[in-house]
Amino acid sequence: MRRRFRHGAALTVGFVILAGAATGLMRLPRPAKAPTIGGAFVLTDQDGRRITEQSLLKKPSAIFFGFTSCPDICPSTLLEVTNWLHALGSDADKLNVVFVSVDSEHDTPEQMKLYLSSFDAHIRGFTGTADQIKKIAAEYRVYYKRVPLEGGGYTYDHSATVYLMDKDGRFVGLVTYKEPEASALAKLRALIVGKSLPFTAPYDGKPS
Amino acid sequence: MFEPLTLARTAHFAPAAMLSGVTFFVLFVAEPVWARAFRGREMAHLVLLARPILLTRLLLGFVVVAGRISPVVAQEIKTGDLQIEHPWSRATPGGAQVAAGYLVITNKGSAPDRLIAGTSPVARKVEVHEMSMKDDVMTMRPVPGGLPIGAEKSGTLAPGGYHIMFEDLKAPLKEATKFVATLEFERAGKVGVPFDVQGVGAQAPMPGGSGHDMSSQ
């Protein structure tokens, strides 16, 4: 009876250890083969300077995509980001904050500069040729599509996510559309000090 | 979100009240003291001169304060069976050539109506568009055939959804100004609607004031 109990206990302990190891393995980061977000690019900033992925190293970055002829989401996102940067105070200097245009036709460096003058001065604007934009969008897995409108004109469908990258240019997380400010700020603060981002459940998309 | 009666412009209220307070103090406390000190001297006429100026300032201060306290009645436009409330837009960032207009339309009639078109002196093209988010991708499209407003129903055009798209702006929209757009409804016909321009990226209409005020920062 006693022996059987011991056997049972040993089995149970063994099973628990195995299960624990399996869970641990599952939690380990996947090996490098998984698709990465971010990578090499060449663009031009709002002052006409050539920018590459190297220009964003040494500081963590928050990068998002849009275009200046966007009436709703882009000014809203830029204002949200502006509010975050104000809330971060002097820590905002420890971040690269970049608005990348998907509209090579209209968004010249001058246009980006003019547009961003209405928002926090930390926000930089990158633009480029159609091919350069295609390349960075592919690296960041950003969806964008030019949609012609009736009677001339066009608009862009585009990803509305803010990508968070560490100081070595590695992807660490996202701030999604209409994510509550407290959650976004917690992520940015963690990003600045190089800690892993606080877990937040995928946002349900309802306005905060 | 849409309170018809609100203590508006509280940001301006405090300085106005303070100004009145200071003037009150000067007029009724400090002034009699120095008036007594100067009595009979050469400067006395200057003191007498200052009195009406101070009094005017005090009265002006009261008027300003009273104006701020008085409830702001929500902007309402009626045409036929339709009632239009809170038409607002946003100041455009530098160089932007598009703007979105938002409002609430209530159809009090028993027949459905439809917002089909619009014109405005500020833009070369005015359309009803819908913005939507799917898998974190933003899309924006004209609403084919216009926006239906069912009988006894109300339709809200707000950020993140339907908006009136002002394209090809002739001039930037500036905060705390107004512009007019003529909206055309299938049944109710045309109606001029004054849009309040709020701050860049504002998310809701603020009666009598602006939301996130970018320009003052």
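The values are calculated or read from the model by the stated rules, or taken from the named source; none is laboratory data. Worth saying up front: this structure is predicted, and the values here are computed from it rather than measured. Here the Cβ is made from the backbone with ideal geometry for all residues, glycine too, and neighbour counts use every protein chain on show.
Tell me the strands (runs of 3 or more DSSP E) entirely within the range A:105-208 that contain at least 2 residues that are within 12 Å of another protein chain (Cβ to nearest Cβ) and out of contact with any Leu (no Cβ under 9 Å at 6 or more places or on another chain).
Values: elements: A:123-126, A:144-148, A:154-159, A:162-165, A:171-175.
Because the criterion is at least 2 residues that are within 12 Å of another protein chain (Cβ to nearest Cβ) and out of contact with any Leu (no Cβ under 9 Å at 6 or more places or on another chain), the strands (runs of 3 or more DSSP E) in the range A:105-208 that meet it are A:144-148, A:154-159.
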Pairing a residue in the range B:104-132 that is under 12 Å from B:Arg187 (Cα atoms) with any residue that is in a loop (DSSP other than H, G, I, E, B) and not small (Gly, Ala, Ser), where Cβ atoms lie under 6 Å and the two sit 6 or more apart in sequence or on different chains, gives B:Asn107/B:Asp81; B:Asn107/B:Lys153; B:Gly109/B:Asp81; B:Asp113/B:Glu186; B:Asp113/B:Arg187; B:Arg114/B:Glu186; B:Ile116/B:Glu186
Restricted to the range A:35-83 and to residues being of a type in the set (A, V, I, L, M) and assigned to a loop (DSSP other than H, G, I, E, B), the residue farthest from the other protein chains (Cβ to nearest Cβ) is A:Leu57
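Condition first: in a loop (DSSP other than H, G, I, E, B) and facing chain A (nearest Cβ under 10 Å). Now tell me which residues in the range B:136-151 satisfy that. First the steps, then the outcome.
Narrowing the range B:136-151 to residues in a loop (DSSP other than H, G, I, E, B): B:136, B:143-146, B:150-151.
Selection gives B:Asp136, B:Pro144.
Considering only residues of the range A:84-95 that are part of a helix (DSSP H, G or I) and in contact (Cβ under 8 Å) with a residue 40 or more places away in the chain, which is nearest to B:Gly160 (Cα to Cα)? Even if it seems obvious, please write down each step before you answer.
First, the residues of the range A:84-95 that are part of a helix (DSSP H, G or I): A:84-94.
Next, only the ones that are in contact (Cβ under 8 Å) with a residue 40 or more places away in the chain stay: A:84, A:87-88, A:91, A:94.
Values: A:Trp84: 20, A:Ala87: 24, A:Leu88: 26, A:Asp91: 30, A:Lys94: 31 Å.
Going through the qualifying residues, I end up with A:Trp84.
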Here the residues within the range A:81-91 that are buried (at least 20 other Cβ atoms within 10 Å of the Cβ) and in contact with a helix residue (DSSP H, G or I) (Cβ under 7 Å, 6 or more places away or on another chain) are A:Trp84, A:Leu85
When restricted to A:Glu53, A:Glu80, the only residue more than 16 Å from A:Tyr140 (Cβ to Cβ) and in the same structural domain as A:Phe126 (by TED's automatic domain parsing) is A:Glu80
Within the range B:104-134, of all residues that are farther than 30 Å from A:Tyr144 by Cα and outside any strand (DSSP E or B), the one farthest from the other protein chains (Cβ to nearest Cβ) is B:Ser110
B:Ser89 meets each of (1) in contact with a Ser or Thr (Cβ under 9 Å, 6 or more places away or on another chain); (2) modelled with pLDDT of 95 or more; (3) under 21 Å from B:Met165 (Cα atoms) with one exception, condition (1)
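Here are some residues: A:Glu139, A:Glu150, A:Glu110, A:Glu105. Which one is surrounded by fewer than 22 Cβ atoms within 10 Å (Cβ to Cβ) and under 17 Å from B:Gly94 (Cα atoms)? Break it down into steps so the answer makes sense when it comes.
Numbers: A:Glu139 fails: under 17 Å from B:Gly94 (Cα atoms); A:Glu150 fails: under 17 Å from B:Gly94 (Cα atoms); A:Glu105 fails: under 17 Å from B:Gly94 (Cα atoms).
Criteria check complete, one pass: A:Glu110.
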Result of the Cβ filter at 8 Å on the range B:85-103, keeping first residues that are over 13 Å from B:Pro159 (Cβ atoms) and partners that are surrounded by fewer than 23 Cβ atoms within 10 Å (Cβ to Cβ) and aromatic (Phe, Trp, Tyr), at least 6 apart or interchain, is B:Glu85/B:Phe2
If we keep only residues of the range A:84-104 that are aliphatic (A, V, I, L, M) and away from chain B (no Cβ under 14 Å), then the residue nearest to A:Pro180 (Cα to Cα) is A:Leu88
Expected single match for more than 14 Å from every other protein chain (Cβ to nearest Cβ), in contact (Cβ under 8 Å) with a residue 24 or more places away in the chain and either surrounded by fewer than 21 Cβ atoms within 10 Å (Cβ to Cβ) or outside any strand (DSSP E or B) (or both) among B:Pro205, B:Pro159, B:Pro172 is B:Pro205
Residue pairs within 6 Å by beta carbon, gap of at least six or interchain, first lying in the range A:185-208 and farther than 26 Å from B:Ala158 by Cα, second modelled with pLDDT under 90 and buried (at least 16 other Cβ atoms within 10 Å of the Cβ), listed first then second, are A:Lys187/A:Leu197; A:Ala190/A:Leu197
